[in-house]
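Trainee: Got a structure for you, questions after.
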Amino acid sequence: MKKAACLLIILAAFGACQPTLDYTISGYTQKIIVEGSIANGEYPSVYLSLNNPLSQKVDSVSILKNVIRTAKVTVSDGVNTEILTSRWDKTHFPPYVYRGYDLKGEEGKTYYLTVEYSGYTLTSQTTIPASTNISTFKTRAVDGNDTLRILSMTFHIDASRKVAYRISTKKSKDKFFRETPVVFNSEFSFSGDKTFDISPKADKNDPTFSEGTYFSAGDTVLVRFSTIDSISTQFFKALTLFSASNGIGNDVFIGEKEALKSNITPPGFGIWWGSGVKNYRIVIK
């Protein structure tokens with residue numbers, strides 16, 4: 001997932017030659033993997049690659065052989081259309097993105113994605129749901145530690161909306177947002193005011209890695225709270241279950257798994273998702 005927005009990471013990347021779609025490699029179906037998102041007040045971003053079969057060794061070299069850099073990627077709201085510009089993106093791996101600079105997301109609007117590559121045309125659509133407010137943040141001390149804190153949030157869930165929520169945070173010393181690895185309300189069963197702990201999955205390269213899933217007293221933390229629709233919810237829920245069962249981590253997408261509820265037309269696979277986002281700045285007490 002893009003490290004700054006909460007998004008998932010698709011295995012693939014670039015090499016000296018552009019990859020070519022081949023349906024007969026190693027007994028598996030090769031597909032164009034799409035990881036695209038748009039949020040209210042933000043421009044769309046799309047990452048493209050070819051999938052790696054589970055039978056192959058997965059490392060940075062194999063990933064970097066499969067990034068797609070020569071596709072035509074278009075986003076439309078039904079009235080306005082923009083062809084996205086491709087460039088390097090050092091905040092994400094694979095570090096190559098197709099990004100918009102004119103068409104910003106708006107709550108309630110539907111956005112149409114078209115990807116043209118290697119003679120194929122993939123399509124998808126998503127709607128940005130209304131964002132959700134966090135009513136309160138609270139901190140409490142970690143037992144046996146004078147400096148670390150647990151951060152919790154409370155917000156209201158309207159069961160009739162059939163939406164779920166993702167949350168990511170960025171501590172002042174860290175470069176990237178880290179997601180709390182839970183899709184809240186993935187069963188659409190919660191209703192009313194609910195309180196959850198925010199527990200980001202720290203990376204070993206983060207300066208605050210020693211804090212684990214906690215926060216340090218006195219630190220300033222950016223909180224990104226995303227409301228997502230039912231289609232996106234089911235995809236991320238299935239991805240979490242698949243990743244956990246295969247031990248490959250929730251940020252990695254390998255091979256083709258029909259259990260993942262992709263909303264990309266064949267031979268594409270992956271997710272194009274909209275989110276209603278609220279951003280907060282919290283001082284940990």
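The numbers here are math on the coordinates, done by the rules we state, and not lab data. Source: prediction; values computed, not measured. No Cβ is skipped: glycine too gets one built from the backbone with ideal geometry, and neighbour counts run over all protein chains shown.
Trainee: How far, in nm, would the chain grow between Thr91 and Glu106 when pulled straight, counting 0.36 nm per residue and subtracting the alpha carbon separation?
Mentor: 3.0 nm
Trainee: Rank-order 136-145, 35-44, 176-185, 268-277 by packing density, defined as the average count of other C-beta atoms within 10 Å over each peptide's residues, highest first.
Mentor: My ranking of the peptides, most packed first, is 268-277, 35-44, 176-185, 136-145.
Trainee: Can you compute the equivalent ellipsoid semi-axes for the stretch 164-227, i.e. the square root of 5 times each eigenvalue of the Cα gyration tensor, sorted largest first and rounded to whole Å?
Mentor: That gives 24, 11, 10 Å for the three semi-axes.
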